[in-house]
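The values are calculated or read from the model by the stated rules, or taken from the named source; none is laboratory data. Please read all numbers here as calculations on a predicted model, not as lab measurements. Reconstructed Cβ throughout: ideal geometry from the backbone, glycine too, with neighbour counts over all protein chains shown.
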């Protein structure tokens, strides 16, 4: 067996014999995890007033005011949806993508109904929709909540 080299002895002494290249432990990084100012778990994309996705439920179309991976805000009359009602339909985004959604009515705010989705658009769909809206409405920017 060969004798250990100086750097192998030093790395084994400082870190224990981890079996990983010793130079990987010595590299310092300047990247720090950013502190988030929003408490939301998923990004919410609000639509411009003149545009919006469409949710089709049992042949009736509803206008979507905000979309995220796990939720929707519908602009409609509140008497159509009782609390905790199961909802299933097809969401058509303005970019042309279609998603099958399943969820429940979470709460009602004014003339908006908030749906919590158990199945909905993916994060890729939401960001693709955001890019599409930025191209269609270059002067419009989503306002932070």
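Checked against (1) under 15 Å from residue 121 (Cβ atoms); (2) modelled with pLDDT under 90, residue 77 passes all but a single condition, namely (1).
Looking only at segment 84-137, which residues are touching a residue at least 40 places away in the same chain (Cβ under 8 Å) and in contact with a helix residue (DSSP H, G or I) (Cβ under 7 Å, 6 or more places away or on another chain)? Answer for segment 84-137, where residues must be touching a residue at least 40 places away in the same chain (Cβ under 8 Å) and in contact with a helix residue (DSSP H, G or I) (Cβ under 7 Å, 6 or more places away or on another chain): 93, 94, 113.
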